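The values are calculated or read from the model by the stated rules, or taken from the named source; none is laboratory data. These numbers were taken from a predicted model, which means no experiment stands behind them. Note that we place each Cβ from the backbone using ideal geometry, even for glycine, and neighbour counts take in every protein chain shown. In case anyone asks, the SASA skips ligands and DNA or RNA and just uses the protein heavy atoms, side chains included. Shrake-Rupley method; radii C 1.70, N 1.55, O 1.52, S 1.80 Å.
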Amino acid sequence: MTPGLAGFVMSGEASVWSDLLDGVLAALREAFDIAPERDSARAGTRRRTWYDTFDWRLYRAGMLLEYATEHRAGELILTGPDCGDGSSFSMRGNAHGQAVQPVAGWRAARSYLAADLPDGPVTARIADLVSPRALLPEVTVASATTVTRLLNPDGKTVARLLVERPAVGDEALPPRLAIAEVRGYPGQARRAAEIVALAPGIVTLAAPGNPGETLLTDALAVLGRAAGDYSNKVSAKITASMPAASATATIMLTLLDTLEANVDGVLHDTDSEFLHDLRVAVRRTRAAIKLLGDALQIPDEQVTRFAGEFKWLGDLTTPVRDLDVHLLEFDAMAAGLRAAKEDDLTPFRAFLSDRRAREFRVLTRGLRSQRFSQLMRDWRATLGTVLAGKKRRAGAAAGKTAGDLATERTRQALRKVSRRGGAITPDSPHESLHDLRKRCKELRYALEFFVPLHDKAAYAAVLGDLKRLQDCLGEFQDNEVQIEEIRMLAAAMLAAGAAPAATLLAMGEVTAGLAVRQQAARDAFEKRYAGFAGPEGQRHMTALLGGGAK
Amino acid sequence: MRIYATYNIKGGVGKTTTALNLAYLAAADGLRTVLWDLDPQGAASFMFRVKPKVKGGGKAIIRGQRSLDDAIKGTDFDNLDLIPADFTYRNMDLLLDKGPEDRQNRKLGKLLAPLAQEYDAVFLDCPPSISLVSENVLHAADVIVVPLIPTTLSVRTLDQLTEFVAGFRGRRPDVLAFFSMVDRRKKLHREIVEELSAKRDGVARTAIPAAAVIENMSVERAPVTAFAPGSMPAKAYKALWAEVRDIGLSWPRGYQHGV
């Protein structure tokens, strides 16, 4: 509504809402004359569809994006900090900044990549934040709004009561009420708002939240969902005192949930990050099996079988992801060319796209296969059995706790990193750095699996040190892998007769650039490693593991 | 922001009625509109059911002790606000008659300038007179809309006004006159309207008929274009607004927006 005035929502069941509104009107009638709005842009029906990325990037940044249609025109409305000038008078009700962008031909049911969005203030504000993720329609709400004028004794409208009745499909949501101020009559609007706030069954919406948020929350609840309900972070609900076996199974089940949550997005090729998150979940699962598999207390051959199956799954996803990385970085790569022209790379992009289409078919066949669904089923069943077993063994003195396991396995992973890292000299072969990178990943996962058991500050310090080291190792290896791949792709293009000389030269220039970056990463390694393993880094690690886990 | 003024030295020719209806139509077109009721009688304020009272009176506004912004009241219509009349406006000439002479007739224009951030259209409803107030209004306005009653004498008034405006140094407003309160049953009315709108530049093609429904405005306390949009006078005001709206612009506003 008007900036500075709170909105309201009705409580209770749908059956009482009409009585509650009668109560509000009766209370207002004691202070004002009341008349229906004659003709107002505020009244009428409105459909709004909220959009966000799968990992809720807008929501996490405090923003809400909706596509709204009213009077047949459609517009994207972005509310949140730094959106618009914040001063615009808005009947949609907020003191937040708001950017509005009219759009034509929008289809509310489909997903949109940032590149698909028409130019405008909303696109400009969110494009970098959401890329490369797609905006997905989360939920659609249709609302009918009626407006009642509140009059003073002269018959002048001095405030308005807006009643919005939202619904998701056939499911009615609690009606929203708001008092809109008429310019020059702020006292009357305040008075009306006080009256509404005191009416029975009316709840004042907390200000200064993003006012669309409570409606989004209610609408998602109809679908059994909640805003921010997906994150690619490991968020297992474990405690230090629970048995190691059940903690391990809980961690692995969380990873399995994340993995499965991404399958549809991969199959529909909604955006590249579904596959990325799926791969991370697979990699974490493999690391969990390796680091903690024995704690499940299931036969070794079962552990070995699952380890093998998850390796198969990881390998299945690699070719498409590698090609995605090239395509995602393509524009930056082309822009960095000096000798060659950007256009020289066009055949390379076409080749990458073709190849990706082919590899994507292989990937989707794999994800639709019996082998994949069997793996998902068996893994979940096995972990379920472990969890159920823990209940039977509850109270048994034997067996480690999750806290013991966390300290022991994190230390193990740390020892491996220290041993390998300490042995690296400027003359060490590339493989030794690649190997260190793998061990660092294992350490990182070991830390992440047990997040709830660690002290937050100590954890953040260690993770910071480790991240900087991992970034350096990643830069070193990724550039090498990319160089190798571009060489192979060049050979394949040549064999297919799809490689003009200018393209090959440009690709050569790209690899030269990658080699420079790789060397820079190599040069930075000693310093990064010292930051992790030196006195300061050791102090951080001791603070984390020294006293054991909480 | 464009500033439109309804002006005539004579009273009772339909200035306020015209200002109300054109302002309402501007707002209905989506223009953020404000109407300033400069007439101490406060007819426009009465029509919008707003008390003809400004805190601190005209003095506080003219002297800059209160910004115009503080005085603005929302009307019952979307996009349409009002700066109410105040009885102290009757002394506005005295208030304007301060400071260097060459700036005395530009004061209103200066007061209006900050409104450009908030409004697309300003309507000034002037009291009937030749005074420093009206001179200020004529200087501030981009377009002066002059209601004429179809009499020979009223044509002379228009000539005088056109001449006066032509003598302005620098920017000059566009002047568009139109016939108001036209009674088609009267031969003289018909003749004057037909002759002048054909012969003379600056006279609108549209004439507003005399009609009972216009008089009902003071009962309904709303513009006729709002409460009886299908009536003949309402249609005439719409046609007049179409003529007035983009006058003096190098091309029609709609064209600029690609409409």
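The table that follows gives values for the structure above.
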{"item": "Which listed residue is surrounded by fewer than 16 Cβ atoms within 10 Å (Cβ to Cβ) and either charged (D, E, K, R) or within 14 Å of another protein chain (Cβ to nearest Cβ) (or both), from A:Pro200, A:Pro186", "result": "A:Pro186"}
{"item": "Helices (runs of 4 or more DSSP H) lying entirely in region A:287-368 (those with 1 or more residues that are under 29 Å from A:Ala381 (Cα atoms) and either free of Cβ contacts under 8 Å to residues at least 40 places away in the same chain or assigned by TED's automatic domain parsing to the domain that holds A:Phe449 (or both))", "result": "A:300-328, A:346-367"}
{"item": "Single match in A:Ala461, A:Ala543, A:Ala515 (criterion: outside the structural domain of A:Gly336 (by TED's automatic domain parsing), more than 32 Å from the chain's Cα centre (by Cα) and either assigned to a helix (DSSP H, G or I) or within 21 Å of A:His434 (Cβ to Cβ) (or both))", "result": "A:Ala515"}
{"item": "Residue check, A:Arg415 surrounded by fewer than 19 Cβ atoms within 10 Å (Cβ to Cβ) and at negative phi", "result": "yes"}
{"item": "Selection from region A:99-123 of residues that are touching a helix residue (DSSP H, G or I) at 6+ places or on another chain (Cβ under 7 Å) and outside any helix (DSSP H, G or I)", "result": "A:Ala99, A:Gln101, A:Leu117"}
{"item": "Residue in region B:232-255 that is aromatic (Phe, Trp, Tyr), at pLDDT 95 or above and part of a helix (DSSP H, G or I) present", "result": "yes"}
{"item": "Qualifying residue in region A:247-260 (condition: open to solvent by 60 Å² or more (accessible area, probe 1.4 Å), modelled with pLDDT under 95 and more than 22 Å from A:Leu447 (Cα to Cα))", "result": "no"}
{"item": "All positions within region B:61-85 that are touching a residue at least 12 places away in the same chain (Cβ under 8 Å) and surrounded by fewer than 16 Cβ atoms within 10 Å (Cβ to Cβ)", "result": "B:Arg63, B:Gly64, B:Ser67, B:Asp69, B:Asp70"}
{"item": "Of residues in region A:486-501 being assigned to a helix (DSSP H, G or I) and open to solvent by less than 30 Å² (accessible area, probe 1.4 Å), the one nearest to A:Glu431 (Cα to Cα)", "result": "A:Ile486"}
{"item": "Some residue of region B:65-72 being under 27 Å from B:Val213 (Cβ atoms) and modelled with pLDDT of 90 or more", "result": "no"}
{"item": "Qualifying residue in region B:23-32 (condition: within 11 Å of another protein chain (Cβ to nearest Cβ) and either in a loop (DSSP other than H, G, I, E, B) or hydroxyl-bearing (Ser, Thr, Tyr) (or both))", "result": "yes"}
{"item": "Region A:230-246, residues that are open to solvent by less than 30 Å² (accessible area, probe 1.4 Å) and within 28 Å of the chain's Cα centre (by Cα)", "result": "A:Tyr230, A:Val234, A:Ala236, A:Ile238, A:Ala240, A:Ser246"}
